[in-house]
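Asker: Dropping a structure here in structure tokens format, bear with me for questions.
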Amino acid sequence: MAKLEPRCCFLIPMKSIFLFLQVFLLCAAAAFGALKRADHVFIISFDQGAPAGIQKAEMPVFKAMAAEGSHTWQAYTIVPSITLPSHTSMLTGVGIQKHQVLWNDYQPDKGPVGVPTVFSIAKEHGFTTALFATKEKFKTLVRPGSVDTFVVPEPPVAQGVADACAAEVLKSKPNLCFIHFGDPDVAGHKFGMNSPEKMKAFAECDAALKTIREAVKAAGIEASSVFILTADHGGHDVPEVKDGQPTGKIYGSHGSPAKEDVEIPWVAWGKEVKPGFEIAAPVVIYDTAATALWLLGIDPPESFWGRPVASAFAPVPVAAAQKP
Ligand SMILES: [Zn+2]
């Protein structure tokens, strides 16, 4: 007679228990709202930060964060790929058809954007917010009572923005910070997409990024922070023509649906970000707002077009998974 192998239904592999807990927690999160993954979110936009230019530039801090965290070099902005409409999509979670910020300069008479922003929603949930930019037109994104700290430094350069942000981080440790570095856009328009001047601007932005990273560390909040590094649009070179004749010079432009104009980087680095992960899911600029709220434990509103880039993060928040 064949000997029967002893069987014991109590010997369930630990791996299965862990998997069950993960599924349970995901279901609980879906039923009772998002789980908070980070206490601090930093969205940093490199204006005219075309992936090809960033890859050529001297940007060791940015590149290390892309390599250490999760990234895609093929995220997309809206069309028209222009600064204020694009940043409005980045920070409202909806397309231009919905937010209707169709202009690209500061027009106080038009008032702030008419749809909720990542700042106004975060404030409604009790979080502190801050916005540091190199262009005044970002006032368009400040709905009443939504931004605790708003700074456009003088002169309006990346390092000034970073210094202002660093000081505020050390002082009040805001939960949600948006930082805009406009320098690459200025250089790109004037001298071309891959000009030495544009590369210098990128390098200066990288130094400014380092300043913010150091402040976050000094404030003791690095372990509870997530950084999102991205851009509002790319750009392309155009030969300069004067009096019907090419001058031999080039300048940078953007606004079209061409690949060079709409491709942007999207990097997540920090708490619970998957290390060394290349994001395969499609990422559109309005996913940034959804991701920032989701990280803070806020379900993005149904009115959002954007969705959290969940694949860039651990499937279940580590703190939640460790609870019995
Ligand atoms: Zn721009």
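Asker: When the helices in the chain are scored as -39500 (n - 2.57) per DSSP H run of 4 or longer and the sum is shared across all residues, what 222 nm value do you end up with, to the nearest 500 deg cm²/dmol?
Answerer: Helix contribution divided over all residues of the chain: -11000 deg cm²/dmol.
Asker: Can you list the residues, at least 5 places off or on another chain, whose amide H is less than 5 Å from the amide H of Val41, using H built in the peptide plane?
Answerer: Leu176, Cys177, Val226
Asker: Can you list residues whose amide H is under 5 Å from Gly93's amide H, if they're 5+ apart or on another chain and H is modeled 1.01 Å from N?
Answerer: So Gly93 has HN proximity to Ala289.
Asker: Return the sequence-ordered ³J(HN,Hα) values of region 149-163 in whole Hz as given by the Karplus equation 6.51 cos²θ - 1.76 cosθ + 1.60 applied to θ = phi - 60°, using x for Gly and Pro.
Answerer: With the stated coefficients, region 149-163 comes to 10, 10, 9, 10, x, 10, x, x, 10, 4, 5, x, 4, 5, 5 Hz.
Asker: Can you give the longest run of the chain that contains no trypsin sites (Lys or Arg not before Pro) sitting in a DSSP loop with at most 13 other Cβ atoms inside 10 Å?
Answerer: 8-324
Asker: Let me ask something additional. For Gln107 and Ala314, FRET efficiency with R0 = 45 Å and r from the beta-carbon atoms, rounded to 0.05?
Answerer: On the way: r = 42 Å, r/R0 = 0.94.
That gives a FRET efficiency of 0.60.
Asker: In the chain, once you exclude exposed chymotrypsin sites (Phe, Trp or Tyr not before Pro) (DSSP loop, at most 16 other Cβ within 10 angstrom), what's the longest stretch remaining?
Answerer: The longest such stretch corresponds to 107-324.
Asker: Taking the Cα-to-Cβ direction at Ser224 and at Lys63 and moving 7 Å from each Cα, how far apart do the two end points lie in nm?
Answerer: The modelled label-to-label distance comes out at 3.4 nm.
Asker: What angle, in degrees between 0 and 90 and rounded to the nearest 10, separates the Cα long axis of helix 196-218 from the longest principal axis of the Cα atoms of the chain?
Answerer: Long axis of 196-218 versus the principal axis of the chain: about 40 degrees.
Asker: Step through the table entries Lys110/Lys198; Lys63/Lys217; Lys98/Lys123; Lys135/Lys210; Lys135/Lys242, compare each Cα-Cα distance with 26 Å, and write down the pairs that go over it.
Answerer: Beyond 26 Å between Cα atoms: Lys110/Lys198; Lys135/Lys242.
Asker: Remind me, relative contact order of the chain in percent, using alpha carbon pairs under 8 angstrom and six or more residues apart?
Answerer: Relative contact order comes out at 32 percent.
Asker: Now for a separate question. Set the Förster radius R0 to 41 Å, insert the Cβ-Cβ distance between Lys217 and Asp243 as r into 1/(1 + (r/R0)^6), and round the FRET efficiency to 0.05. Walk me through the numbers before you get to the answer.
Answerer: Working: r = 55 Å, r/R0 = 1.33.
So the FRET efficiency works out to roughly 0.15.
Asker: Shifting gears a bit: Calculate how many DSSP beta bridges within the chain are antiparallel, expressed in % of all such bridges and rounded to the nearest 5.
Answerer: Among the beta bridges of the chain, antiparallel pairing accounts for roughly 45 percent.
Asker: Any idea what diffusion coefficient the chain gets from Stokes-Einstein, in µm²/s, Kirkwood Rh on alpha carbon pairs, 25 °C, 0.890 mPa s?
Answerer: 119
Asker: Given axes a ≥ b ≥ c from the Cα gyration tensor, I'd like to know whether region 84-237 is rounded (a/c under 1.5), prolate (a/b larger than b/c) or oblate.
Answerer: On the way: a/c = 1.83, a/b = 1.04, b/c = 1.76.
Cα axes put region 84-237 in the oblate bin.
A short reminder: the numbers here are calculations on the coordinates, not readings from a lab. Note that this is a predicted model, so its numbers are computed, not measured. Please note: Cβ atoms are built from the backbone with ideal geometry, for glycine as well, and neighbour counts cover all protein chains shown.
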